[in-house]
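See structure below.
The values are calculated or read from the model by the stated rules, or taken from the named source; none is laboratory data. Treat the numbers as computed from the prediction; the structure is a model and nothing was measured. As a convention, Cβ positions derive from the backbone with ideal geometry for all residues, glycine included, and neighbour counts pool all protein chains shown.
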Amino acid sequence: MTEDDLIKKLAECCTAEDLDDDEGSMSFLVNVVGTERAVEIAIKLGGILIYVPRRVKVKLMQKFVIKHYNGQNSRQLALQLRVAERTVYRWARERPEVAGVKQGDLFNEDES
């Protein structure tokens, strides 16, 4: 029996309550990823403390904005990501075609 088969069999015969622990972290995990994935995490990573930094979430959202921003959809992206529209503008400025491009000085005739 493979490990994947074992995980499926264990997930079939347990409930979310069976995975519950004193801190409630496993019930939270079941709510986020489902029972079978929670069993898989328990089998493969049991005993390991995992910390997911907030910056991972921010980096993923930044990449999403950079990929999908079209100059007209800042409000829509802000609503989807639950961030301020100003944050979307800031992240959109980090796009490769925009980053490094500086506005010229309106009052300096030497710049073109």
Looking only at residues in region 36-64 that are within 22 Å of Leu77 (Cβ to Cβ) and not hydrophobic (A, V, I, L, M, F, W, C), which one is surrounded by the most Cβ atoms within 10 Å (Cβ to Cβ)? Gln62
Report, ordered by the first and then the second residue, all pairs with beta carbons closer than 6 Å, sequence separation of six or more or different chains, a first member in region 40-65 that is closer than 29 Å to Ala16 by Cα, and a second member that is surrounded by 12 or more Cβ atoms within 10 Å (Cβ to Cβ). Glu40/Ile7; Ile43/Ile7
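Looking only at region 29-50, count how many residues are part of a helix (DSSP H, G or I) and either polar (S, T, N, Q) or closer than 18 Å to Glu3 by Cβ (or both). Walk me through how you get there before you give the answer.
Let us first name the residues in region 29-50 that are part of a helix (DSSP H, G or I), namely 29-33, 35-45.
Next cut, either polar (S, T, N, Q) or closer than 18 Å to Glu3 by Cβ (or both) only: 31, 33, 35-45.
Counting residues in region 29-50 that are part of a helix (DSSP H, G or I) and either polar (S, T, N, Q) or closer than 18 Å to Glu3 by Cβ (or both) gives 13.
Give me a count of the residues in region 80-95 that are part of a loop (DSSP other than H, G, I, E, B) and in contact (Cβ under 8 Å) with a residue 24 or more places away in the chain.
Filtering region 80-95 for residues part of a loop (DSSP other than H, G, I, E, B) gives 82-84, 93-95.
Okay, now just the ones that are also in contact (Cβ under 8 Å) with a residue 24 or more places away in the chain, so 94-95.
Number of matching residues: 2.
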If Leu29 satisfies every condition in (1) surrounded by 14 or more Cβ atoms within 10 Å (Cβ to Cβ); (2) among the hydrophobic types (A, V, I, L, M, F, W, C); (3) modelled with pLDDT of 90 or more but one, which is the exception? (3)
Scanning region 66-79 for residues that are in contact with a helix residue (DSSP H, G or I) (Cβ under 8 Å, 6 or more places away or on another chain) and in a helix (DSSP H, G or I), which turns out nearest to Glu94 (Cα to Cα)? Ile66
Answer from Met26, Met61 - the residue that is in a helix (DSSP H, G or I) and under 30 Å from Arg86 (Cβ atoms): Met61
